[in-house]
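S.K.: Quick one: the structure is below, questions incoming.
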Amino acid sequence: MKVAVLQENLAKGLSIVGRAVSTRSTLPVLGNVLLATDGGRLKLSATNLEIVITCWLNATVSQEGALTVPARILNDLVNNLPQETVELESSDETQTLHLECGRTEANLRGIDAQEFPLVPEPDLLQSLRISAGAFKQMINQVVFAAATDETRPTLTGVSMEFDGKGVKLAATDAFRLSVRTAALESSAEPKSIIVPSRSLAEVARVIGHDDEVLHITLPEGRNQIIFKLDNIVIVSQLIDGNFPDFSPIIPKRHTTRAVMGTAAFLKACRTAAIFARESSHTARVKITPRSELMDGFTTISATSAETGDNEAQVDADVTGEEVEVAFNVKYMTDVLSIIDTPQVALETTSAMEPGVIRPVGSDDFFHIIMPMHFGR
């Protein structure tokens with residue numbers, strides 16, 4: 001293999017695939033990145049056997065070939081090169097990669113590309129299509145709610161339900177639930193799968209242009225999902241099992257609804273979080289309807305036995321009765337941080353019932369937070 005590629009492009013490509021490099025595998029090749037010529041471009045690929053990330057870079061190819069080299073060493077090396085053309089040449093005899101850039105030269109010992117795991121190819125004729133920007137927003141609005149505790153593997157993933165012309169993403173850690181729906185640009189057979197939240201986070205991370213089309217493929221009988229952008233492909237294993245039926249916990253009604261400015265509500269929650277750290281992140285949210293003397297408002301407060309307490313009021317358009325509920329304020333800030341509408345609604349019923357947060361003006365997303373016990 002003999003190719004020439006710009007340093008900044010190579011550095012960006014390595015940062016994209018680098019997140020899939022295995023750090024604890026007993027297979028040395030999984031700590032390497034695959035460099036291969038492909039259709040006049042340079043292909044980079046890395047995998048930890050759970051996820052494969054591949055990207056293609058514009059390059060001048062003088063000689064075809066492929067080699068894997070240690071990903072961390074190559075990444076560190078390339079990041080310290082000048083922003084000039086990088087010349088890469090591999091030797092099949094010695095399994096080494098010779099690199100030249102400016103006045104710098106280096107040789108990296110590699111492993112035969114034949115030892116690198118086979119990377120599945122997406123079938124674009126069978127793919128589902130969706131706006132990349134819309135799917136990135138979907139991921140960001142649900143992935144943070146997935147569990148990090150591996151004792152319940154299904155909860156560490158995100159449920160993806162395809163039905164006709166739509167897709168629904170849902171994630172829960174049993175204390176909160178995020179659900180987002182969107183339309184597909186192609187029709188889909190009804191199907192439900194669980195995708196690791198880490199894999200979806202990587203998909204969101206590599207989406208650069210919102211106007212791109214994202215192709216989603218579910219290879220038959222392989223328990224995998226493939227996401228394809230113009231120059232990037234991510235292949236992920238699926239999580240076996242059934243995602244819990246969350247429909248019973250979705251409140252069918254509410255007695256109180258408070259509409260607030262998203263930024264003001266978020267700021268008040270972040271302030272309360274400072275004092276809630278020592279009390280399991282518990283904050284009180286009291287919704288007060290409009291009276292003859294004053295407009296409606298929401299009060300967010302938190303108390304710490306060691307550091308003190310705080311209370312902040314946010315103007316609110318309140319419909320219904322006065323109610324006070326204790327919530328995990330960290331969960332509140334998590335969801336408010338990913339809502340991009342100017343106003344947000346908090347719907348509640350009682351201190352013992354979950355709260356529902358919805359962006360005002362959008363009906364394709366909602367977030368449920370379970371209540372906490374009041375500290376006395």
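The values are calculated or read from the model by the stated rules, or taken from the named source; none is laboratory data. What you see is a predicted model, and the numbers here were worked out from it, not measured in a lab. Counting neighbours? That spans all protein chains shown, and the Cβs are built from the backbone with ideal geometry, glycine included.
S.K.: Name the residues in region 30-43 that are in a strand (DSSP E or B) and surrounded by fewer than 23 Cβ atoms within 10 Å (Cβ to Cβ), would you?
M.R.: Applying the first criterion (in a strand (DSSP E or B)) to region 30-43 yields 32-38, 41-43.
A36, T37, D38, R41, K43, listed by residue number.
S.K.: Here's another thing I want to ask about it. Output the residue which, of all residues in region 31-50 that are farther than 15 Å from S15 by Cα and in contact (Cβ under 8 Å) with a residue 60 or more places away in the chain, is farthest from the chain's Cα centre (by Cα).
M.R.: Checking each candidate, the answer is A36.
For every residue, the table says whether it meets (1) surrounded by 22 or more Cβ atoms within 10 Å (Cβ to Cβ); (2) at pLDDT 95 or above.
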| site | (1), (2) |
| --- | --- |
| G166 | no, no |
| A174 | no, no |
| S178 | yes, yes |
| T181 | no, yes |
| E189 | no, no |
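S.K.: On to the next question. Going by the structure shown, is L77 without any contact (Cβ under 8 Å) to a residue 40 or more places away in the chain, loosely packed, with under 14 Cβ neighbours inside 10 Å and within 34 Å of the chain's Cα centre (by Cα)? Lay out the reasoning, then the answer.
M.R.: Details: without any contact (Cβ under 8 Å) to a residue 40 or more places away in the chain: yes; loosely packed, with under 14 Cβ neighbours inside 10 Å: no; within 34 Å of the chain's Cα centre (by Cα): yes.
It is false that L77 is without any contact (Cβ under 8 Å) to a residue 40 or more places away in the chain, loosely packed, with under 14 Cβ neighbours inside 10 Å and within 34 Å of the chain's Cα centre (by Cα).
S.K.: Let me ask something else about it. Going by what's in this entry, would T54 be described as buried (at least 19 other Cβ atoms within 10 Å of the Cβ), touching a strand residue (DSSP E or B) at 6+ places or on another chain (Cβ under 7 Å), within 21 Å of K12 (Cβ to Cβ) and at pLDDT 95 or above?
M.R.: yes
Yes/no matrix, rows are residues, columns are (1) at pLDDT 95 or above; (2) of a type outside the set (D, E, K, R); (3) touching an Asp or Glu at 6+ places or on another chain (Cβ under 7 Å):
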{"residue": "F327", "(1), (2), (3)": "yes, yes, no"}
{"residue": "T333", "(1), (2), (3)": "yes, yes, no"}
{"residue": "L336", "(1), (2), (3)": "yes, yes, no"}
{"residue": "Q343", "(1), (2), (3)": "yes, yes, no"}
{"residue": "E347", "(1), (2), (3)": "yes, no, no"}
{"residue": "G361", "(1), (2), (3)": "no, yes, no"}
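S.K.: Given N107, N9, N80, which one is over 28 Å from Q224 (Cα atoms) and in contact with a His (Cβ under 6 Å, 6 or more places away or on another chain)?
M.R.: Values: N9 fails: in contact with a His (Cβ under 6 Å, 6 or more places away or on another chain); N80 fails: in contact with a His (Cβ under 6 Å, 6 or more places away or on another chain).
Selected residue: N107, the only one of N107, N9, N80 that is over 28 Å from Q224 (Cα atoms) and in contact with a His (Cβ under 6 Å, 6 or more places away or on another chain).
S.K.: What single numbered condition from (1) buried (at least 20 other Cβ atoms within 10 Å of the Cβ); (2) touching a helix residue (DSSP H, G or I) at 6+ places or on another chain (Cβ under 9 Å); (3) not assigned by TED's automatic domain parsing to the domain that holds L218; (4) not acidic (D, E) fails to hold for I111?
M.R.: Condition (1) is where I111 drops out.
S.K.: Exactly one of these conditions fails for E278: (1) within 28 Å of the chain's Cα centre (by Cα); (2) over 30 Å from M160 (Cβ atoms); (3) in a helix (DSSP H, G or I). Give me its number.
M.R.: (1)
S.K.: OK, next. Could you tell me which residue of region 219-251 is nearest to the chain's Cα centre (by Cα), considering only residues that are in a strand (DSSP E or B) and either in the same structural domain as G39 (by TED's automatic domain parsing) or of a type in the set (V, I, T) (or both)?
M.R.: Within region 219-251, the match that is nearest to the chain's Cα centre (by Cα) is I234.
S.K.: Still on this model: I'd like the residue in region 90-108 that is closer than 22 Å to V5 by Cα, without any contact (Cβ under 8 Å) to a residue 12 or more places away in the chain and of a type outside the set (S, T, N, Q) and, out of all such residues, is surrounded by the most Cβ atoms within 10 Å (Cβ to Cβ).
M.R.: Result: H98.
S.K.: Restricting to region 62-115, name every residue that is out of contact with any Lys or Arg (no Cβ under 9 Å at 6 or more places or on another chain), among the polar types (S, T, N, Q) and in a strand (DSSP E or B).
M.R.: First pass over region 62-115, keeping only residues out of contact with any Lys or Arg (no Cβ under 9 Å at 6 or more places or on another chain): 67-68, 71-81, 83-86, 91-93, 98-115.
Still in the list and also among the polar types (S, T, N, Q): 68, 75, 79-80, 83, 85, 91, 104, 107, 114.
Within region 62-115, T68, T85, S91, T104, N107 meet the criteria.
S.K.: Which of (1) over 29 Å from G361 (Cα atoms); (2) surrounded by fewer than 20 Cβ atoms within 10 Å (Cβ to Cβ); (3) modelled with pLDDT of 95 or more does R257 not meet, given it meets every other one?
M.R.: R257 satisfies all of (1) over 29 Å from G361 (Cα atoms); (2) surrounded by fewer than 20 Cβ atoms within 10 Å (Cβ to Cβ); (3) modelled with pLDDT of 95 or more except (1).
S.K.: How about region 58-84: which of its residues are farther than 21 Å from Q114 by Cα and not polar (S, T, N, Q)?
M.R.: Scanning region 58-84 gives A59, D76, L77, V78, L81, P82, E84.
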